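Shown next, in structure tokens, is the structure this report addresses.
The values are calculated or read from the model by the stated rules, or taken from the named source; none is laboratory data. All of these numbers come straight from a predicted model, not from anything done at the bench. With ideal geometry, Cβ positions are generated from the backbone for all residues, glycine too; neighbour counts draw on all protein chains shown.
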Amino acid sequence: MIDPTAGPVLSHVEGMDVLSRLLRDIRVSKCLQYCFEPYGEWMVDASPAPFRPPGSVSMHIVIEGDLWLDMGATRMAVGSGDVLIFPRGTAHFFGSADSNRLLSPGDDVPPPPWHRIPTVRYQGPGRRARILCGFIEARVLDFQPLSAQLPEVMVAHTTEDRSDWLLSAVQRLIREIDQPSPGGMTIVSRVSELVFIELLRRQMVSAQASGGWLAALGDPVLHRALKALHHAPDDAWTQERLASAVGVSKTVLCQRFNEVLQMSPMRYLREWKLYLASAELVQSDAPIAAIAERAGYGSEAAFCRAFTRHYRAPPATWRRNELARGA
């Protein structure tokens with residue numbers, strides 16, 4: 001039996017076996033990275049650009065410059081080598097100074113598709129700044145127990161540790177801007193994907209004591225429960241059977257789910273199966289009725305109602321829209 005009073009004794013490396021299923025579904029959309037190169041004093045209202053794919057993740061990599069980031073309640077300094085990812089695409093301002101020179105690179109960049117990384121340059125007196133801006137379409141964030149626990153912005157200061165491999169990744173992206181090579185857009189997309197995954201991994205470590213899905217991976221009870229549910233979502237799970245598989249009482253199991261994840265084990269399973277159904281809708285041409293059955297719903301109509309509540313669109317519409325976005 002597991003000691004349910006023990007702290008998070010499992011390493012986060014073990015927790016990665018649960019996270020890995022989600023990470024496999026990360027995909028980068030059409031290359032939507034561009035280089036923003038302003039000079040002097042300026043500000044940017046980084047509201048979503050008109051070409052940003054719905055539901056995508058915003059990312060900035062500061063190549064050069066000492067800047068500030070303002071998210072309303074939060075203001076921070078950022079500089080060369082910093083990577084900023086906004087999991088929910090939160091609106092924000094950033095700039096070199098509090099200035100009345102408001103720039104709009106998202107409006108001035110040429111419309112995609114792009115065959116190389118475009119540069120939007122704003123000349124003026126003063127020092128140059130360079131920021132790689134872009135978007136990552138990450139279906140992993142459709143899984144709400146994960147996305148709800150991510151902060152408004154994830155930040156990595158890659159220059160603080162010269163051995164940090166993220167610094168090498170940033171330098172590789174810079175080379176593709178300065179010295180474009182054949183296939184460079186694909187390299188930029190893949191490196192951006194790896195940077196996003198690495199920031200998710202680091203967030204998982206930092207979230208150990210703060211609660212939520214990422215912290216659950218370090219909890220000795222919840223890690224085993226989530227591993228079981230993710231490994232065999234189609235099994236006939238009940239709270240009693242899951243508690244037996246984990247090695248705790250039903251009471252302890254439910255208490256731990258409610259304390260850390262704010263939901264019951266069976267609600268969590270429903271969330272996970274809906275997420276798997278959303279992935280199958282895009283990755284296969286299986287009939288919706290078959291997907292509904294695999295998701296554990298007694299009828300296609302019941303599945304459609306649950307899916308629509310969760311994703312704000314019926315399954316057929318959602319599938320059509322997602323396939324159109326990836327075309």
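For LEU141, indicate whether it is in the same structural domain as ILE63 (by TED's automatic domain parsing) and touching a Phe, Trp or Tyr at 6+ places or on another chain (Cβ under 8 Å).
Numbers: in the same structural domain as ILE63 (by TED's automatic domain parsing): yes; touching a Phe, Trp or Tyr at 6+ places or on another chain (Cβ under 8 Å): no.
No.
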When you look at ALA245, is it crowded, with 21+ Cβ neighbours inside 10 Å and either outside the structural domain of PHE143 (by TED's automatic domain parsing) or closer than 19 Å to LEU150 by Cβ (or both), yes or no? no
Conditions (1) of a type in the set (A, V, I, L, M); (2) part of a loop (DSSP other than H, G, I, E, B); (3) under 18 Å from TRP237 (Cβ atoms): number failed by LEU274: (2)
Among the residues of segment 244-262, is there at least one that is out of contact with any strand residue (DSSP E or B) (no Cβ under 6 Å at 6 or more places or on another chain) and under 25 Å from LEU323 (Cα atoms)? no
Go through (1) in the same structural domain as ALA77 (by TED's automatic domain parsing); (2) surrounded by 20 or more Cβ atoms within 10 Å (Cβ to Cβ); (3) touching a helix residue (DSSP H, G or I) at 6+ places or on another chain (Cβ under 7 Å) for SER192 and report which single condition fails. (3)
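Over 20 Å from the mean Cα position of the chain (by Cα) and modelled with pLDDT of 85 or more - does that describe any residue in segment 146-160?
Yes, segment 146-160 contains a residue that is over 20 Å from the mean Cα position of the chain (by Cα) and modelled with pLDDT of 85 or more.
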Under 6 Å between Cβ atoms, which residue pairs at least 6 apart in sequence (or on different chains) link something in segment 289-318 that is in a loop (DSSP other than H, G, I, E, B) with a partner that is among the small types (Gly, Ala, Ser) and at pLDDT below 95? ALA295/ALA277
Which residues, counting only those in segment 81-113, are small (Gly, Ala, Ser), surrounded by fewer than 19 Cβ atoms within 10 Å (Cβ to Cβ) and touching a residue at least 60 places away in the same chain (Cβ under 8 Å)? SER104
All-but-one check, THR251 against (1) at pLDDT 95 or above; (2) under 24 Å from the mean Cα position of the chain (by Cα), failing number (2)
What single numbered condition from (1) touching a Gly at 6+ places or on another chain (Cβ under 8 Å); (2) at pLDDT 55 or above; (3) more than 16 Å from HIS92 (Cβ to Cβ); (4) surrounded by 20 or more Cβ atoms within 10 Å (Cβ to Cβ) fails to hold for GLY40? (4)
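Could you please find all residues in segment 249-265 being assigned to a helix (DSSP H, G or I) and either without any contact (Cβ under 8 Å) to a residue 12 or more places away in the chain or surrounded by fewer than 16 Cβ atoms within 10 Å (Cβ to Cβ) (or both)? First the steps, then the outcome.
Of all residues in segment 249-265, those assigned to a helix (DSSP H, G or I) come to 250-261, 265.
Selection gives LYS250, THR251, GLN255, ASN258, GLU259.
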Looking at segment 160-248, what helices (runs of 4 or more DSSP H) fall wholly within it and have at least 2 residues that are within 30 Å of ILE61 (Cα to Cα) and out of contact with any Leu (no Cβ under 6 Å at 6 or more places or on another chain)? 165-178, 184-206, 213-216
Subset of segment 226-242 [in contact (Cβ under 8 Å) with a residue 12 or more places away in the chain and either outside the structural domain of TYR297 (by TED's automatic domain parsing) or under 23 Å from the mean Cα position of the chain (by Cα) (or both)]: LEU226, LYS227, LEU229, HIS230, PRO233
Of all the strands (runs of 3 or more DSSP E) wholly in segment 90-151, which have at least 2 residues that are closer than 30 Å to GLU271 by Cβ? 130-136
